[in-house]
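To start, the structure under review is shown below, and the notes come after it.
Values quoted throughout were computed directly from the atomic coordinates according to the rules given, and no laboratory measurement underlies them. This is a predicted model, so every value here is computed, not measured. With ideal geometry, Cβ positions are generated from the backbone for all residues, glycine too; neighbour counts draw on all protein chains shown.
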Amino acid sequence: MHGEGAFRDLDFSLVDCTELAKKYIARPDTHFFMLAEDEVKPVGFFMGYLTRYFFGPGRMATELAWYVTPEKRGSMAGVRLLSAFRQWGKNKGAKEICVGVSTGTDLDRTEQLLKKSGFVKVGGIFKKTVNESWWRRIWRRWEHGILPRGLVKGR
């Protein structure tokens with residue numbers, strides 16, 4: 001997950017990920033964690049939590065991370081994870097289930113799945129790296145085909 005999408009340039013810590021997963025598993029009344037497995041290994045996971053609306057009473061279930069390995073995308077693994085989270089949120093009294101796509105990976109497929117599952121797109125996620133070096137900004141733009149004047153990619 002980390003290496004595939006928009007987070008690939010940020011530091012990764014397996015220890016931090018493990019500790020966070022343990023915290024979610026230990027708090028099933030307010031936090032959701034589910035692992036998808038095939039016969040021999042994990043192929044995905046879903047993490048979410050309950051939170052209050054900032055403007056008044058009521059709670060929503062919000063996704064923190066939803067991942068399925070590339071070879072299992074398009075299988076039922078992602079659908080089952082999403083369905084389990086929706087049911088958990090409903091059982092916990094959430095008024096809404098909120099799922100975002102912040103990795104930039106398989107955006108169209110994920111959006112189609114969410115729409116088929118009854119979700120409605122209500123906004124977008126915008127990101128800007130803080131304190132990014134001048135060289136890194138140029139390199140990132142280069143990777144996305146946005147080139148400084150006078151430069152042609154591939155020359």
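Some observations on this one:
- Sparse-neighbourhood loop sites, chymotrypsin sites (Phe, Trp or Tyr not before Pro) in the range 34-93 - DSSP loop, at most 12 other Cβ within 10 angstrom: Y53, F54, F55
- Sites listed here are trypsin sites (Lys or Arg not before Pro) in the range 1-62 whose DSSP assignment is loop and whose Cβ has at most 14 other Cβ atoms within 10 Å: R8.
- Counting only DSSP H runs of at least 4 residues, each contributing -39500 (n - 2.57), and dividing by the residue count of the chain, the helix-based mean residue ellipticity at 222 nm comes to -9500 deg cm²/dmol.
- Along the chain, the longest continuous region that contains none of the GluC sites (Glu not before Pro) in a DSSP loop with at most 14 other C-beta atoms within 10 Å is 40-131.
- Hits among aspartates and glutamates - C-alpha to C-alpha of K92 under 18 Å, sequence gap 8 or more where chains match: D29, E63
- Computed lengthening from Q87 to R8, 0.36 nm per intervening residue step minus Cα-Cα distance: 25.3 nm
- For G44, nonlocal amide neighbours, meaning residues 5 or more places apart or on other chains whose placed amide H falls under 5 Å from its own, are A36, T69.
- For the range 1-99, alpha-carbon Rg and Dmax in angstrom: 14.3, 45
- DSSP beta bridges fully contained in the range 14-130 are about 85 percent antiparallel.
- The range 14-130: relative contact order in percent, alpha carbon pairs under 8 Å with at least 6 residues between: 18
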